[in-house]
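A.B. asks: Attaching a single structure in structure tokens format; questions to follow.
The values are calculated or read from the model by the stated rules, or taken from the named source; none is laboratory data. Just so it is clear, the model here is predicted, and its values are computed rather than measured. A quick note on method: Cβ atoms are made from the backbone with ideal geometry, for glycine too, and the neighbour counts reach across all protein chains shown. Only protein heavy atoms, including side chains, enter the accessible area calculation; ligands, DNA and RNA are left aside. Shrake-Rupley method; radii C 1.70, N 1.55, O 1.52, S 1.80 Å.
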Amino acid sequence: DATVEQRGAMLPDVDDAAQVIYRAAEEWSSQHPEPGEGAPAAEWEAYEKTVDAQAAQEQAAEELLRARYAATFQAYAEAFTAAVLDTARAIGLTVAVEVKAETNPEAGWWDTTDTINPADDERGDALAWHLWEVAHDRVPLPRALVDIPAEDAEEEQ
């Protein structure tokens, strides 16, 4: 429920965060040009092995980033759920309370089947809103600790 600016600063979109990896790959490529035309086959083989190793390293870095995001979302969902259930117990609820949380960092939020926060107005359930609000206040928003270059933030505005 953070503002777009807060979410972007604390947990940038996973694809935006991956841009750091892609830019590093472009920089690496520019610093390691292909052998010239007519270069010996051994030079080309060595170059291709180096490129393959670099590509594998980039892929591993991206997989690690995406796994870190998934773990961050999962940990946040678990902490949020625990806070909701603690609040439900504290106020004496005797009915089962279910918390739905999206833990896929690449999921959208615009589809009608997506998990949404309860409404805090006359359309919403006051008890659901209370449980959500207390958990929201108790559980800090997740951080992925990914630095996005300033130019990305400028492009988004």
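A.B. asks: Mind checking which of Val95, Val84, Ala61 is farthest towards the positive end of segment 50-95's charge dipole, using Cβ charges of +1 (Lys, Arg) and -1 (Asp, Glu) about the Cα centre?
C.D. replies: Val95
A.B. asks: Also, quick follow-up: If Lys and Arg each add +1 and Asp and Glu each add -1, what is the summed charge of the other residues whose beta carbon sits under 10 Å from the beta carbon of Pro105?
C.D. replies: -2
A.B. asks: How many nm is it between the label spots at Glu48 and Ala60, if each spot is 7 Å from the Cα in line with the beta carbon?
C.D. replies: Placing both labels 7 Å beyond Cα along the Cβ direction yields 2.2 nm.
A.B. asks: What does the accessible area of Thr94 come to, in Å² to the nearest 10, when a probe of 1.4 Å is used?
C.D. replies: Answer for Thr94: close to 130 Å² accessible.
A.B. asks: While we're here: Please give me, ordered by residue number, the chymotrypsin sites (Phe, Trp or Tyr not before Pro) of segment 67-117 that lie in loop per DSSP and have at most 12 other Cβ atoms within 10 Å.
C.D. replies: Counting only loop positions with at most 12 other Cβ atoms within 10 Å, the chymotrypsin sites (Phe, Trp or Tyr not before Pro) in segment 67-117 are Trp109, Trp110.
A.B. asks: If I model a spin label as a point 7 Å beyond the Cα along the Cα-Cβ vector, how far apart are those points for Ala75 and Ala126 in nm?
C.D. replies: Reported label-point gap for Ala75 and Ala126 is 3.7 nm.
A.B. asks: Counting other C-beta atoms within 10 Å, and keeping those with at most 16, which DSSP coil trypsin sites (Lys or Arg not before Pro) do you find in segment 42-133?
C.D. replies: Passing both the DSSP loop test and the Cβ count: Lys100, Arg123.
A.B. asks: How large is the accessible surface per residue of segment 22-64, computed with a 1.4 Å probe and reported in Å² as a whole number?
C.D. replies: It amounts to 77 Å² per residue over segment 22-64.
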